[in-house]
2 protein chains.
Amino acid sequence: MTRDEFFEAYAAVVAGVGLDIRPEQEVYVRIPIEASTFTPHFVREAYRRGARYVHVEYQDQQATRARLESAPAESLAYVPPGVFGERLRLARDGGASLAVLGEDPMGLAGIDSERRGPWTRALAEAGTALRELAMKDHFPWCVISMPNPVWAKRVYPDLPPDEALDRLFDSVGHACRLDADDPVAAWKEHSRRLMAFARWLTDEGFGEFRYRGPGTDLVVGMPAGQRWIATEGVSANGITFIANLPTDEVFSAPDRQRVEGRVRSTRPLILGGTNVGIAEFTVREGRIVEAECEGDRAVLEQELDLDDSARYFGEIALVSEEAPIAELGTVFYDGLYDENAGCHLAFGNAYANCVAGGGAMEEAERRAAGLNQSMQHTDFTIGSDELEIIARRRGGGTFPLMRRGRWTQESFDAAGV
Amino acid sequence: MTRDEFFEAYAAVVAGVGLDIRPEQEVYVRIPIEASTFTPHFVREAYRRGARYVHVEYQDQQATRARLESAPAESLAYVPPGVFGERLRLARDGGASLAVLGEDPMGLAGIDSERRGPWTRALAEAGTALRELAMKDHFPWCVISMPNPVWAKRVYPDLPPDEALDRLFDSVGHACRLDADDPVAAWKEHSRRLMAFARWLTDEGFGEFRYRGPGTDLVVGMPAGQRWIATEGVSANGITFIANLPTDEVFSAPDRQRVEGRVRSTRPLILGGTNVGIAEFTVREGRIVEAECEGDRAVLEQELDLDDSARYFGEIALVSEEAPIAELGTVFYDGLYDENAGCHLAFGNAYANCVAGGGAMEEAERRAAGLNQSMQHTDFTIGSDELEIIARRRGGGTFPLMRRGRWTQESFDAAGV
């Protein structure tokens with residue numbers, strides 16, 4: 001596959017299956033400058049599908065770093081009024097939104113956390129309205145990651161730059177099923193299987209899950225009316241979209257006050273450009289009461305203290321170790337890829353649709369339903385060949401959900417996959 | 001000079017002399033993705049000077065091209081409401097604005113003019129409020145051009161890419177006086193001389209100028225209260241800025257109805273990414289009644305028909321052939337560089353401050369004062385070693401203003417330079 005073929009296939013999958021762009025729709029793209037070669041391919045595909053306008057907003061991490069290092073301290077919490085303007089307008093109107101990742105995962109490492117904190121918090125606060133619309137699937141949105149030299153160097157530091165980049169293109173192409181004969185058809189089949197697991201888990205409505213693995217012994221209680229979500233969401237304007245490409249997860253949200261025990265990540269956490277390494281959490285009545293990590297703990301603590309609810313869990317996600325990214329065995333230092341490399345949890349906000357009727361609830365109602373509400377949402381992977389998950393039925397009795405990080409035969413049979 | 005030294009010196013000149021960025025000021029930067037290596041240097045310098053926030057908006061010409069080629073025809077005139085939002089807010093508040101040029105000068109060549117027209121017109125209309133604020137120096141603004149591989153290839157097509165880029169960096173560094181011992185001081189001295197010419201021409205208030213050269217025999221009548229402008233402007237919030245870096249011109253505006261004769265450009269015209277080559281105009285009572293060019297005449301005609309006043313002249317600018325860019329003898333295919341390579345004119349809008357009190361006038365008053373008012377403003381160079389300009393005094397009698405494209409000794413003496 002040439003680079004151009006890669007970009008064309010990727011653009012077709014993202015515009016077609018990821019966002020299902022419609023005639024006269026407006027489209028918003030945020031993309032790092034390092035990934036700019038993809039932009040015209042995607043823009044062209046969106047317009048071919050009849051888009052009315054494609055907004056392109058480039059992210060420049062080096063400019064952000066210059067600000068964090070050099071701007072007057074009192075200015076760091078300033079967010080200009082128009083920063084979310086067009087994105088928010090499109091989101092309200094049902095426009096399609098593509099976020100491209102691919103900046104240097106460690107590009108903001110070493111920034112003083114005293115300077116970084118006000119910046120992170122102010123941006124999160126200013127983004128509240130947009131985040132809430134996304135969390136309730138009000139508009140079609142999709143997150144992807146784009147290979148580029150900076151990211152490739154982090155993933156394959158021992159390879160020569162060109163080889164590292166080629167390898168990353170191959171990995172991403174494989175994970176995104178671009179190497180299939182018909183990538184769009186492959187996505188539809190993949191989606192069908194994950195949706196079957198989600199339906200089964202929703203119907204079954206397990207009371208809790210017990211996770212066991214090295215450093216992990218955790219019980220996650222589930223709220224009444226739990227709904228499991230996979231691949232497809234449906235926006236308020238009736239468009240079926242896939243919020244993450246790739247995605248290999250089936251997810252829901254825990255009861256925010258019923259998580260208990262210890263859990264250790266199996267991949268490093270990358271927090272706003274800083275690699276804090278493997279992290280370990282102690283959880284009491286849903287709250288992370290202790291957090292340790294290999295790297296700069298101040299960065300981790302800052303994320304956990306973003307607001308009052310950041311230390312509670314908002315997502316529980318099941319990913320088989322047979323998924324393409326898990327098979328690759330590579331650490332990508334990228335939220336999207338590392339989360340799809342195995343089962344994961346997120347501390348912070350829960351997606352509204354994780355309980356029945358959640359999308360129509362006010363914030364207070366969602367909280368009462370057990371869903372955590374926070375400006376934070378950070379995924380971390382806990383899946384591995386050594387992870388076991390036992391589900392407990394509300395009426396009593398257990399079910400072997402996953403073994404060695406994979407769906408058990410019992411799960412396959414029950415889901416009818 | 002290493003690349004980093006170049007960028008540092010350029011950032012210091014632009015932030016210091018170009019915009020004179022102040023503490024707590026907001027700054028807006030528009031820059032092509034090809035020139036992104038400059039961004040962090042400038043952003044850092046702006047924050048060091050105490051800027052409150054630096055907005056960075058990247059331009060992607062390939063994405064624009066994809067739109068012009070592939071978007072539904074009826075969508076091409078659509079300009080989303082927020083496109084000028086933040087820039088306009090900053091302009092109204094006296095924020096500093098930097099526009100970086102450097103996209104491929106021929107990057108939009110070959111686009112069907114039927115598709116290009118509605119797009120150009122809609123953008124010009126949507127930008128009216130911003131353009132008016134800039135034309136009356138309401139806020140400090142500055143335009144520069146940044147060397148990059150795409151532009152370098154156009155300027156030096158026969159050199160290997162690396163050499164072409166090195167050469168362009170050298171040319172730009174020389175034209176911008178970055179190679180001076182103290183570039184900021186060099187700019188101040190250069191500015192002092194050009195300002196002296198401007199003061200003299202304003203005081204003298206010549207009635208008309210007669211241009212003679214190959215293909216050119218043109219008389220340009222001047223309005224009452226004419227003011228000549230050079231290098232420095234002063235914004236409504238009292239900041240002295242230099243709108244173009246480099247700049248070697250002293251300019252004013254003609255009486256829109258008193259331009260008569262024929263004029264031929266001495267450098268090619270680049271119109272929105274299309275090179276239409278050398279152009280020749282016949283002018284009657286101020287209006288271009290006939291236009292010819294080496295390249296695609298439809299593109300030129302489209303610009304001339306942008307609105308009812310686009311065929312009238314808005315600028316008359318004097319540049320000596322001793323200016324650094326003229327000396328280089330290179331065609332840069334870049335408005336900023338080619339206009340500072342010699343005397344030029346512009347068809348389209350006149351700057352408000354070209355007549356006394358113009359900045360405070362309403363549009364109708366400016367028009368009554370003789371200033372052309374249009375969405376168009378396109379400069380074209382007419383300077384060369386063969387250009388002669390004779391000024392005529394209102395009371396009668398002539399004055400030899402320029403000979404062989406250079407200020408005469410009589411002009412130097414009269415201006416006291």
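The values are calculated or read from the model by the stated rules, or taken from the named source; none is laboratory data. The shown structure was predicted, so the numbers you read here are calculated from the model rather than taken from an experiment. Virtual Cβ from ideal backbone geometry, glycine too; neighbours counted across all protein chains shown. Each accessible area value is taken on the protein alone, full model and side chains, heavy atoms only, with ligands, DNA and RNA left out. Shrake-Rupley method; radii C 1.70, N 1.55, O 1.52, S 1.80 Å.
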Selection count where residues are out of contact with any helix residue (DSSP H, G or I) (no Cβ under 9 Å at 6 or more places or on another chain), surrounded by 16 or more Cβ atoms within 10 Å (Cβ to Cβ) and in the same structural domain as A:Gly286 (by TED's automatic domain parsing), scope the range A:208-244: 11
Residues located in the range A:354-363, provided they are modelled with pLDDT under 95 and crowded, with 21+ Cβ neighbours inside 10 Å: A:Gly358
Of residues in the range A:3-20 being over 11 Å from A:Phe42 (Cα atoms) and aliphatic (A, V, I, L, M), the one least open to solvent (accessible area, probe 1.4 Å): A:Leu19
Which numbered condition A:Ile288 fails, given (1) of a type in the set (A, V, I, L, M); (2) touching a strand residue (DSSP E or B) at 6+ places or on another chain (Cβ under 6 Å); (3) buried (at least 21 other Cβ atoms within 10 Å of the Cβ); (4) at pLDDT 95 or above: (3)
Filter result for A:Asp93 (farther than 21 Å from B:Thr39 by Cβ and open to solvent by 10 Å² or more (accessible area, probe 1.4 Å)): yes
Selection count where residues are within 14 Å of chain A (Cβ to nearest Cβ) and either closer than 26 Å to B:Arg267 by Cα or of a type in the set (Gly, Ala, Ser) (or both), scope the range B:103-118: 5
Hey, B:Gly173 touching a Lys or Arg at 6+ places or on another chain (Cβ under 7 Å) and among the small types (Gly, Ala, Ser) or not: no
Residue match in the range B:364-377 (condition: open to solvent by less than 30 Å² (accessible area, probe 1.4 Å), in a strand (DSSP E or B) and not β-branched (Val, Ile, Thr)): no
Identity of the residue in the range A:387-417, of a type in the set (S, T, N, Q) and surrounded by 13 or more Cβ atoms within 10 Å (Cβ to Cβ), that ends up nearest to A:Ala341 (Cα to Cα): A:Thr408
Residue in the range A:48-90 that is nearest to B:Val56 (Cα to Cα), counting only those that are aromatic (Phe, Trp, Tyr) and facing another protein chain (nearest Cβ under 7 Å): A:Tyr58
Pair list, Cβ < 8 Å and 6+ apart or interchain, from the range B:159-173 residues that are charged (D, E, K, R) to residues that are crowded, with 19+ Cβ neighbours inside 10 Å: B:Arg167/B:Ala152; B:Arg167/B:Val155
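So, in the range B:320-363, exactly how many residues are hydrophobic (A, V, I, L, M, F, W, C) and in a loop (DSSP other than H, G, I, E, B)?
Here is the first cut: in the range B:320-363, the ones hydrophobic (A, V, I, L, M, F, W, C) are B:323, B:325-326, B:328, B:331-332, B:336, B:341, B:343, B:345-347, B:350, B:352, B:354-356, B:360-361.
Right, trim to in a loop (DSSP other than H, G, I, E, B) and you get B:323, B:331-332, B:341, B:343, B:350, B:356, B:361.
The number of residues fulfilling the criteria is 8.
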Single match in A:Asp137, A:Asp158, A:Asp179 (criterion: part of a loop (DSSP other than H, G, I, E, B), modelled with pLDDT of 95 or more and of a type in the set (D, E, K, R)): A:Asp158
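Give the residues of the range B:134-191 that are among the hydrophobic types (A, V, I, L, M, F, W, C), over 30 Å from B:Gly94 (Cα atoms) and in the same structural domain as B:Ala96 (by TED's automatic domain parsing), sorted by residue number.
Across the range B:134-191, the qualifying residues are B:Val150, B:Trp151, B:Ala152, B:Val155, B:Leu159, B:Ala164, B:Leu165, B:Leu168, B:Phe169.
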Set A:Arg30, A:Arg49: member being on the phi < 0 side of the Ramachandran plot and without any contact (Cβ under 8 Å) to a residue 60 or more places away in the chain: A:Arg49
Residues (open to solvent by less than 40 Å² (accessible area, probe 1.4 Å), within 7 Å of chain A (Cβ to nearest Cβ) and within 23 Å of B:Gly102 (Cα to Cα)) located in the range B:21-47: B:Ile33, B:Ser36, B:Thr39, B:Pro40, B:Val43
Only listed residue being under 19 Å from A:Pro246 (Cα atoms) and modelled with pLDDT of 95 or more, chosen from A:Ala369, A:Ala346: A:Ala346
Only listed residue being among the basic types (Lys, Arg) and touching a Phe, Trp or Tyr at 6+ places or on another chain (Cβ under 8 Å), chosen from B:Arg367, B:Arg393: B:Arg393
Residues of the range B:68-78 satisfying the condition of being touching a residue at least 24 places away in the same chain (Cβ under 8 Å) and open to solvent by less than 40 Å² (accessible area, probe 1.4 Å): B:Leu68, B:Leu76, B:Tyr78
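Does B:Arg131 satisfy being open to solvent by 30 Å² or more (accessible area, probe 1.4 Å), free of Cβ contacts under 8 Å to residues at least 40 places away in the same chain and either within 14 Å of chain A (Cβ to nearest Cβ) or within 25 Å of A:Val83 (Cα to Cα) (or both)?
Details: open to solvent by 30 Å² or more (accessible area, probe 1.4 Å): yes; free of Cβ contacts under 8 Å to residues at least 40 places away in the same chain: no; either within 14 Å of chain A (Cβ to nearest Cβ) or within 25 Å of A:Val83 (Cα to Cα) (or both): yes.
When the stated conditions are applied, B:Arg131 does not pass them.
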Members of the range A:245-261 that are open to solvent by less than 20 Å² (accessible area, probe 1.4 Å) and charged (D, E, K, R): A:Asp248, A:Glu249
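Go over the candidates B:Leu328, B:Leu271, B:Leu304 one by one and state the one that is under 18 Å from the mean Cα position of the chain (by Cα) and more than 27 Å from B:Pro223 (Cα to Cα).
B:Leu271
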Any hit, the range A:197-209, residues being more than 22 Å from A:Val14 (Cβ to Cβ), of a type in the set (A, V, I, L, M, F, W, C) and not in a helix (DSSP H, G or I): yes
Residues within the range A:378-417 that are touching a His at 6+ places or on another chain (Cβ under 9 Å) and part of a loop (DSSP other than H, G, I, E, B), tallied: 2
